[in-house]
Amino acid sequence: MSEEKSSREKQITKTSIIGIITNILLASFKAFAGLLANSIAVVLDAVNNLSDALSSVITIVGIKLARRKPTKKHPFGHGRIEYFSAIIIAGLVFAAGAASLVESIKKIISPEIPSYQTVTIIVIVASIITKLLLGRYVKRQGEKYCSDALIASGSDASFDAIISASTLLGAIITLAFNIPVDGYIGVVISGFIIKAGIELLAQPVSQVVGARTNSETTKSMKADVREIEGVIGVYDLVLHNYGPDFAVGSLHVEVDDRMSAREIHLLIKKIQRKIKEKYDIFLSVGIYAVDQHDDELGHMQAEIKHVVKEFEGIHQSHGIFIDSDSKYISLDAVVDFKVEDKALLKKRIVAKLSELHPGYEIDLSFDIDYSD
């Protein structure tokens, strides 16, 4: 394990332990205060804090499992376990909200006026302040170390502050007007918890399904490759995410068709080394051979690019290779996700190019815009 990854694990574990200790203390004080006041809202708030402590335990277990070394069965490592730990946390938040909703509805059907004590109010106020500070800290650490589980826990802690504020409002209304609003406040709290659980699912589920890589990263990576001498163009960048801190990928570069196999080999190694050192990503590099010295072929390439770009649903074309001796043209075109009948579009483009260049075999491949 690299020093950077080891440091990331230690920081996430440390942050989670802080969350566990804080939430257990808050849950204990709230449970005591809630039972003392006979308040379902305060007791549910305490249960919610216990679920937060469990979330932090899951985060620690998740990152420990995710850091296991690659095996023959899982050669890309176990990094995606972190996403599943975040999903489990979101599920626990949702379940806590659903259970809270049921208990709150029972209180509305059979209302009781809680007897709030001074100690109860003090505990709730202290909880609001503590949760706000904890939420900011945990979420900031999660963003810093790219941990969806910590971000989920931090967001949940911030929601808990809102929940505790609702509980405080209910206590104030009860003390001021002697009205049993405990159950209604519980319903509001439950709604917030359920909503938070659903929202927390979005990011980790998106990563497991296969979310697009951050465009700033891919654009920066392409720019870095373009700066390498011998590279004419950079296309088809694809990154596969196997956890927050591990990815592999591939791209194609256009090079002068007069380069030797030795020169191409050295160029590929230079590209791979630069990307590995800067982004810690291994890239498989493919080659497009481009003729930059034949004016007639250059004119044909420009014409083909212009013609293909005119078709609706095509973003750009690249990798255009023309062999006038064998009457062969190959090219790739990036097609929009919105295009439904790609086969028909391909047929139309090939027909147009065949019309412009009769006698040529047209070999057109469609690429998907995986990066930016």
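What the table below lists for this structure:
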item: Distance histogram in 10 Å bins (all Cα pairs of the stretch 56-194, percent per bin); result: 12, 31, 28, 17, 8, 3, 0
item: Theoretical FRET efficiency, 1/(1+(r/R0)^6), r = Cβ-Cβ of ILE113 and VAL61, R0 35 Å, to 0.05; result: 0.25
item: Highest-fluctuation residue, LYS131, LYS346, LYS72 considered, GNM on the chain with Cα pairs under 10 Å; result: LYS72
item: Accessible surface of THR217 - all protein chains present, 1.4 Å probe, nearest 10 Å²; result: 50
item: Antiparallel bridges, percent of DSSP beta bridges restricted to the chain (to nearest 5); result: 45
item: Per residue accessible area of the chain, 1.4 Å probe, in Å²; result: 52
item: The chain: DSSP helices with Cα axial extent of at least 18 Å and average Kyte-Doolittle hydropathy no lower than 0.0; result: 3-37, 40-66, 81-109, 118-144, 148-177, 182-209, 342-356
item: Largest-first ordering by accessible area, 1.4 Å probe, given options ASP295, ASP52; result: ASP295, ASP52
item: Expected 222 nm ellipticity per residue - DSSP helices of 4 or more, -39500 (n - 2.57), all of the chain, to 500; result: -22500 deg cm²/dmol
item: Heavy atoms of PHE32: accessible area, 1.4 Å probe, square angstrom to 10; result: 120
item: Of all DSSP beta bridges in the stretch 234-283, antiparallel share, percent nearest 5; result: 75
item: Dipole of the chain, positive direction: furthest Cα of ILE24, ILE329, PHE192, with charges on the beta-carbon; result: ILE24
item: For the stretch 163-188 versus the stretch 34-98, the gap between their alpha-carbon centres in whole angstrom; result: 28
item: Computed label-point distance, nm, for sites HIS315 and LEU169 using a 7 Å Cα→Cβ extension; result: 4.5
item: Listed residue (PHE246, GLY62, VAL123) projecting farthest to the positive dipole end of the chain, Cβ model; result: VAL123
item: Distance in nm between pseudo-label sites at LYS327 and ILE198 (7 Å out along the Cβ direction from Cα); result: 6.2
item: Carbon + sulfur, % of accessible area of the chain - ligands and nucleic acids excluded, 1.4 Å; result: 60
item: Nearest-10 value in Å² for the accessible area of ASP257, using the 1.4 Å probe; result: 60
item: Positive minus negative residues near ALA126 (Lys, Arg vs Asp, Glu; Cβ under 15 Å); result: 0
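The values are calculated or read from the model by the stated rules, or taken from the named source; none is laboratory data. Everything numeric in this text was worked out from a predicted model, so none of it was measured. Note that we place each Cβ from the backbone using ideal geometry, even for glycine, and neighbour counts take in every protein chain shown. Accessible surface is based on the protein model in full, side chains and every heavy atom, while ligands, DNA and RNA are left aside. Shrake-Rupley method; radii C 1.70, N 1.55, O 1.52, S 1.80 Å.
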